[in-house]
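Peer 1: Questions regarding the structure given below will be posed in turn.
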Amino acid sequence: MISTLILQTLSRKDLIVKNLFNLMALTVGIFFLSANAVWAEDAPETKALKDACEKGNGTACFKIGERYRVIEIDNKNSISYHLKACDQDYITGCTHAGILIQMTGKQYSPQWKRAAKLYTKGCDAKSDKACFNLGQLKYREGRQSAAKKYWKISCELGNQIACSNFKRISR
């Protein structure tokens, strides 16, 4: 009841001023949020990671790749940095690059073949996620025996979803 009285006492002019103030505050907030994203590229931490990546630090390359994937939503640059991480034997970079590359192709495409090579490198290094993704790729290609092989390896490395897939396909 009190809020109704307050609203009734506010004139139309007061409501317009209040709405304009709220709109200005929202605009300023959006400006600072968007400006922060633009300025993040120039942040000292970002520059340090890029420098470390160029010097062969696979972890730094992976972190920059993840930044492009998650924050910038720029898969092209993300793939580039994940591949650099993979080249430096940061195996999670191989898996993430494989996933992003596989998403750009179709069954039996050059992209899927490239993704399979990246997953294979990760699987050979005992990455359960790489083995699991290689199994998924093979299964989607209709190669159940190959999928079963890689899901079994992934299962042995502790991936429970791979264990379920392996059991289901082994029936």
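No lab work stands behind these numbers, since they all come straight from the coordinates. Predicted model only: the values in this text are computed from it and were never measured. Cβ coordinates were reconstructed from backbone atoms using ideal geometry, including for glycine residues, and neighbour counts include every protein chain displayed.
Peer 1: Just the residues that are within 14 Å of ALA125 (Cβ to Cβ), outside any loop (DSSP other than H, G, I, E, B) and of a type in the set (Ser, Thr, Tyr), please, taken from region 52-103.
Peer 2: Once the filter is applied, which keeps residues that are within 14 Å of ALA125 (Cβ to Cβ), outside any loop (DSSP other than H, G, I, E, B) and of a type in the set (Ser, Thr, Tyr), region 52-103 yields THR92, THR95.
Peer 1: Under 6 Å by Cβ, and 6 or more places apart or on different chains, what pairs join a residue from region 148-165 that is charged (D, E, K, R) with one that is assigned to a helix (DSSP H, G or I)?
Peer 2: Every condition considered, the pairs that remain are LYS148/ILE169; LYS152/PHE166.
Peer 1: Let me ask another. Just give me the residues in region 109-142 being under 23 Å from ILE169 (Cα atoms), out of contact with any Ser or Thr (no Cβ under 7 Å at 6 or more places or on another chain) and either assigned to a loop (DSSP other than H, G, I, E, B) or among the acidic types (Asp, Glu) (or both), in sequence order.
Peer 2: ASP124, LYS126, GLU141, GLY142
Peer 1: Looking only at region 148-171, count how many residues are within 26 Å of TYR90 (Cβ to Cβ), in a helix (DSSP H, G or I) and among the small types (Gly, Ala, Ser).
Peer 2: 2
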